[in-house]
Amino acid sequence: MLSLVQNPRVLRLPNLHKIPLKCLHASPTPSPAAASISSAQPTSQILTIRKSLLAGETTAVETAKSYLGRLRRTEPDLKSFLYVSSDEAVLKQAEEIDRKIGNGEQLGPLAGVLVAVKDNICTADMPSTAGSKILEYYRPPYDATCVKKLRENGAIIVGKTNMDEFGMGSTTEGSAYQVTANPWDLTRVPGGSSGGSAAAVSARQCVVSLGSDTGGSVRQPASFCGVVGLKPTYGRVSRYGLVAYASSLDVIGCLGSSVADTGIFLQAISGHDKFDSTSSKQVIPDFTSQFTSVDDMESKPLRGLRVGVIRETLEDGVDSTVVSSLQYAASHLEDLGCTISEVSFPSFSLGLPAYYILASSESSSNLARYDGVRFGNQISVDGLSSLYGNSRAQGFGAEVKLRILMGTYALSAGYYDAYYKRAQQVRTLVQEGFKAALDENDILISPAAPSVAYKIDEKKNDPLAMYAGDIMTVNVNLAGLPALVLPCGFAEGGSSGLPIGVQMIGAAFDEEKLLRIGHVFEQTLKDLSFVPPLIANNF
């Protein structure tokens, strides 16, 4: 067996707090500023907006103005967006929703909900640059399938969010245009590559947002920004209209301020698409059926569920505050009725180097199209070779060039077997390891990142340290599994603490179970609020 799954027992975590889980009831303590914020459980902003609209308590125009006002106030500090729709365009869509309500017409489930879209997802009426100069001013002639579905469900697209160029980065510092700040501490990164999407939701500049996740690009920013991030199973959501980075790993994901919002959001964008041959024909369950009120829950609402804690994610190199928060999350799940066991995953550490070989190899192929002729800005020079070379040299940033070179090397004659083939073999080991662990457990849990958000520029010149930060998330992409990240604690830092996220990993196409567990966990978590100080007094 490639992964040894141990029998359920008292969880023993290496080198730290070797005591039974039942003794770990003390929550990671937020700073006084964080504690002063309302500690009410997160509520679905989508359902709240819908209820208010249908009851006549507010209008879609008033809701849109509220979010636009907050966006305009906070955007100069955050820089979450690369493009923001005009107030006129947003309010025109909101007026149409109000007209439908007045006429008694049926509303889509996302009517009046302001949605931000990561800038590597195509939108017909807005630029789609993928954070790169080579696609500056590019406007696609079509909407990505997920964007089309959002519009059909009544959503209002408010703008395009900042990102690391082509999704290659973990801080959003790799954007060719600007650096996004973390709403919890403006001197820190929001994570990446979907840092703009996570920061926008955290600061309530929008209700929910679309991101993409190739190796953790939805989940790590969710942890850094204190929001909920969902990476669906590979194939659950169509990739048509997503600018390709590594096609066998890329997944479009959801970010929201509550588990319910991410589940409702996922419901709207899931399903088979004839334009994406890798999209699944699996039946889409009703994800929203999982979101019961905390008042209707039993005393042990998760009784009988088995949760495995991945031992290798709590070893050397992980901040002690992150380990403590994970321990608290495991203890909380145990209080809710789960059986907690420790899972040893020997191939876990092998996933990181395998991921970077595979992702870089696929990117070297996918990005070959940006040559200044077929796609990308063209540099006027004499000679075809010079046109190709100069267009790419001036259009791509340093990190993209580095990964193209690594990928081209790994695929070159004489090195293919030593690198790419072996990385694919490791990928199989990782997949089999997850299967063995999930055969014995309903979900697995781990930290979403080995640390909290770090300072801007802290790791910019140390790519290996930045790559190592993806250790918690890349294996999930190699296996194509769904994973949910939600906030579970705080560490010291900034004016009110820095959020820490727990990652829940499920079996393929079992997002329903992840959302159920995540919702119960979130709704029963006491004395913690994840509204950043930037907006706490005005939200």
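The values are calculated or read from the model by the stated rules, or taken from the named source; none is laboratory data. Every value quoted in this text rests on a predicted model; they were computed, and no experiment measured them. Because the Cβ atoms are built from the backbone with ideal geometry, glycine has one as well, and the counts that use them run over all protein chains shown. Only protein heavy atoms, including side chains, enter the accessible area calculation; ligands, DNA and RNA are left aside. Shrake-Rupley method; radii C 1.70, N 1.55, O 1.52, S 1.80 Å.
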From the Cα centre of the stretch 326-400 to that of the stretch 126-196, the distance in Å is 15 Å
Would you compute, from DSSP H runs of 4+ residues alone, the mean residue ellipticity of the chain at 222 nm, taking -39500 (n - 2.57) per run and dividing by the full residue count, rounded to the nearest 500?
-10500 deg cm²/dmol
When Lys and Arg each count +1 and Asp and Glu each count -1, what net charge do the other residues less than 12 Å away from residue 177, Cβ to Cβ, add up to?
-2
So for each of 330-336, 475-481 I average, over its residues, the number of other beta carbons within 10 Å; can you give me the resulting order with the highest mean first?
475-481, 330-336
Post the alpha-carbon centroid distance, the stretch 466-500 to the stretch 413-436, in whole angstrom.
24 Å
Under the rule rounded for a/c under 1.5, else prolate if a/b exceeds b/c, else oblate, using alpha carbon gyration tensor axes a ≥ b ≥ c, the stretch 400-467 is classed as oblate
Accessible area per residue in Å² at 1.4 Å probe, computed on the chain:
37 Å²
At a threshold of 8 angstrom on Cα-Cα distance, excluding pairs fewer than six apart, so keeping six or more, what relative contact order does the chain reach in percent?
21 percent
Protection proxy ranking, peptides 185-197, 458-470, 146-158, 362-374, average beta carbon neighbours within 10 Å, highest first:
185-197, 146-158, 362-374, 458-470
The stretch 181-250: relative contact order as a whole-number percent, Cα under 8 Å and 6+ apart:
29 percent
Tensor-based shape of the stretch 336-448 (alpha-carbon gyration tensor, a/c under 1.5 rounded, otherwise prolate or oblate)
prolate
Could you work out the local net charge near residue 101, counting Lys and Arg as +1, Asp and Glu as -1, over the other residues with Cβ closer than 13 Å to its Cβ?
-2
Using amide H atoms built in the peptide plane, which far-off residues or other-chain residues are under 5 Å from residue 238 H to H?
271
Which value, in Å² rounded to 10, gives the accessible area of residue 419 with a 1.4 Å probe and all protein chains present?
90 Å²
Across 5 Å bins from the origin, how do the percents of Cα pairs in the stretch 32-173 run, short distances first?
2, 9, 16, 18, 18, 15, 11, 6, 3, 1, 0
In terms of the alpha carbon gyration tensor, root eigenvalues a ≥ b ≥ c, rounded if a/c is under 1.5 and otherwise prolate when a/b exceeds b/c or oblate, the stretch 251-402 is prolate
At a 1.4 Å probe radius, carbon and sulfur cover how many percent of the accessible area of the chain?
52 percent
Do you know the relative contact order of the stretch 420-539, to the nearest whole percent, from alpha carbon pairs under 8 angstrom that are 6+ apart?
26 percent
